[in-house]
Amino acid sequence: MGLRVGADIARVADVAASVARFGDRYLERLFTPHEIASCSGTPSVMAASLAARFAAKEAAIKVLRPTDQTPAWRTIEVRRSPSGWCELRLSGDAAKLAAEAGITELAVSLSHDRDIAAAVVLAQCGD
């Protein structure tokens, strides 16, 4: 079995500026309804949570290693459980890339502090 690791960081201020400038158009292009609903709170809390999810999507793309076109943002979803932990769900082209790579399991870790959000994605690939 093989492992793939992807990591990424995102500036919270950049996400906050995009939300302020483009509003729902930005949110609905990058994030699923579940992700948007999971990032409620004050504008700064929302921006930090969205930035962490953006970093997770970028980290997942690094794990998927697309050679042609990058999968649509919303085909990579960070699902938050009621207990607070998160997992990745892939659909569409992202799921196809994972299947082609033999990825059998994904794990994600999100973090944010002040103006930086970070994520690490670990993928287990079958034989």
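The values are calculated or read from the model by the stated rules, or taken from the named source; none is laboratory data. These numbers come from a predicted model, not from an experiment. All Cβ positions, even for glycine, are placed from backbone atoms using ideal geometry, and neighbour counts span all protein chains on display.
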Which condition does ALA51 not pass, out of (1) surrounded by fewer than 22 Cβ atoms within 10 Å (Cβ to Cβ); (2) not in a loop (DSSP other than H, G, I, E, B), if it passes all the others? (1)
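Could you say which residue among SER44, SER18 is farther than 18 Å from ALA107 by Cα, touching a Phe, Trp or Tyr at 6+ places or on another chain (Cβ under 8 Å), among the hydroxyl-bearing types (Ser, Thr, Tyr) and in a helix (DSSP H, G or I)?
Numbers: SER44 fails: touching a Phe, Trp or Tyr at 6+ places or on another chain (Cβ under 8 Å).
Only one candidate qualifies: SER18.
In contact with a strand residue (DSSP E or B) (Cβ under 8 Å, 6 or more places away or on another chain), surrounded by 12 or more Cβ atoms within 10 Å (Cβ to Cβ) and assigned to a helix (DSSP H, G or I): is that true of ALA60 in this structure?
On the way: in contact with a strand residue (DSSP E or B) (Cβ under 8 Å, 6 or more places away or on another chain): yes; surrounded by 12 or more Cβ atoms within 10 Å (Cβ to Cβ): yes; assigned to a helix (DSSP H, G or I): yes.
The answer is yes for ALA60.
Among the residues of segment 1-48 satisfying the criterion of being small (Gly, Ala, Ser) and under 15 Å from the mean Cα position of the chain (by Cα), which is surrounded by the fewest Cβ atoms within 10 Å (Cβ to Cβ)?
Initial filter on segment 1-48 (small (Gly, Ala, Ser)): 2, 6-7, 10, 13, 16-18, 20, 23, 37-38, 40-41, 44, 47-48.
Next cut, under 15 Å from the mean Cα position of the chain (by Cα) only: 6-7, 10, 37-38, 47-48.
Values: GLY6: 22, ALA7: 16, ALA10: 24, ALA37: 10, SER38: 18, ALA47: 26, ALA48: 25.
Looking at the filtered set, the residue picked out is ALA37.
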Tally of residues being part of a loop (DSSP other than H, G, I, E, B) and without any contact (Cβ under 8 Å) to a residue 40 or more places away in the chain across segment 24-41: 3
(1) surrounded by fewer than 16 Cβ atoms within 10 Å (Cβ to Cβ); (2) modelled with pLDDT under 95; (3) among the basic types (Lys, Arg): which one isn't true of ARG80, the others all being true? (1)
Listed by first then second residue, the pairs whose first member lies in segment 62-82 and is touching a residue at least 60 places away in the same chain (Cβ under 8 Å), whose partner is of a type outside the set (Gly, Ala, Ser), with beta carbons under 6 Å and at least 6 positions apart or on separate chains, are VAL63/ARG4; VAL63/VAL121
Of the residues in segment 105-127, those that are under 10 Å from ALA52 (Cβ atoms) and in contact (Cβ under 8 Å) with a residue 40 or more places away in the chain number 8
Conditions first: (1) in contact with a Ser or Thr (Cβ under 8 Å, 6 or more places away or on another chain); (2) surrounded by fewer than 16 Cβ atoms within 10 Å (Cβ to Cβ). HIS112 passes all but one, so which condition is the exception? (2)
